[in-house]
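Structure first, then comments.
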Amino acid sequence: MRLLVSTRSAHKMAEIRQILGGVPGLTVLDLDEANIPLDPAEDDLEVYETFEDNALAKAEHFFGLSGIPTVADDSGIVVDALDGAPGVRSKRFAPEAGLDGQERDDANNRYLVQRLMGVEPEARTARYVCVAALVGEGRESVLLRGEAPGVVIDEPRGRGGFGYDPYILDAELGITFAEMSREQKNERSHRGSAFRALARVLMERAG
């Protein structure tokens, strides 16, 4: 059984491979392994207003290119004090243009902290959201949603993770997502929740 994961993020791919590692007989492919070259048009796939629609658009696009059952996810951080922002715009939250990788992450985090200036700590509640969409020939598409609550802090903590992880505190553990071990993050994260549900679907389909 082969599954294409439609992401260009090495960090995200590593997390997904580990979460799906327990599915018997599953071969997980990234876009390079499926010989799908980078196309600037990929930036135009995430144009919708919900995580579900964005994830499904990506999964359908790459399934159409590969013919391999494909999973795509759309994820982000939803901040209550910002009326749900950045939400589906999490990857491109900061107004600066032309940034990528760590520079983009740093700009997004600076902008998040700036937008929350003056907001009391107890009002900085947020949640990570991840929706995974599975598309395959002859099968009905499946949408799986995972969430992880947190609180936005002003100063980064931890060297692990990526994106907003150093600024999102898991109140129950008292550490940020960047301070978690890989096992803790997979257990508690939004992506871990969504992709564990995906693993169950894949095992059911395999019989």
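Throughout, read-outs are computed from the coordinates displayed, never taken from laboratory work. Since this is a predicted model, take the numbers as computed values, not measurements. We place every Cβ from the backbone using ideal geometry, glycine too, and count neighbours over all the protein chains shown.
Selection of the stretch 49-67 for residues being surrounded by fewer than 19 Cβ atoms within 10 Å (Cβ to Cβ) and either out of contact with any helix residue (DSSP H, G or I) (no Cβ under 8 Å at 6 or more places or on another chain) or not β-branched (Val, Ile, Thr) (or both) yields GLU49, GLU52, ASP53, ALA57, GLU60, GLY64, LEU65, SER66, GLY67. Number of residues in the stretch 1-52 that are of a type in the set (D, E, K, R) and not in a loop (DSSP other than H, G, I, E, B): the value is 8. Restricting attention to the stretch 84-129, the residues that are without any contact (Cβ under 8 Å) to a residue 12 or more places away in the chain and in contact with a Leu (Cβ under 6 Å, 6 or more places away or on another chain) total 0.
In the set ARG205, ARG191, only one residue is in contact with a Lys or Arg (Cβ under 8 Å, 6 or more places away or on another chain), part of a helix (DSSP H, G or I) and surrounded by 21 or more Cβ atoms within 10 Å (Cβ to Cβ); that residue is ARG191.
Select from the stretch 112-127 the residues that are of a type in the set (Lys, Arg) and not in a loop (DSSP other than H, G, I, E, B) and list them in ascending order. Matches in the stretch 112-127: ARG115, ARG127. Among the residues making up the stretch 87-111, those that are surrounded by 15 or more Cβ atoms within 10 Å (Cβ to Cβ) and part of a loop (DSSP other than H, G, I, E, B) are PHE93, ALA94.
Criterion first (of a type in the set (Asp, Glu), under 18 Å from ALA148 (Cβ atoms) and either touching a helix residue (DSSP H, G or I) at 6+ places or on another chain (Cβ under 6 Å) or surrounded by fewer than 16 Cβ atoms within 10 Å (Cβ to Cβ) (or both)) does ASP80 satisfy it? Criteria met by ASP80. Given (1) without any contact (Cβ under 8 Å) to a residue 40 or more places away in the chain; (2) part of a loop (DSSP other than H, G, I, E, B); (3) out of contact with any Ser or Thr (no Cβ under 8 Å at 6 or more places or on another chain), identify the lone condition not met by GLY158. Unmet for GLY158, out of (1) without any contact (Cβ under 8 Å) to a residue 40 or more places away in the chain; (2) part of a loop (DSSP other than H, G, I, E, B); (3) out of contact with any Ser or Thr (no Cβ under 8 Å at 6 or more places or on another chain): (3).
Against the list (1) over 20 Å from ASP43 (Cβ atoms); (2) of a type in the set (S, T, N, Q); (3) buried (at least 17 other Cβ atoms within 10 Å of the Cβ), the condition GLN114 fails is (3). Checked across the stretch 118-133, the condition of being more than 22 Å from ASP83 (Cβ to Cβ) and touching a strand residue (DSSP E or B) at 6+ places or on another chain (Cβ under 8 Å) holds for at least one residue.
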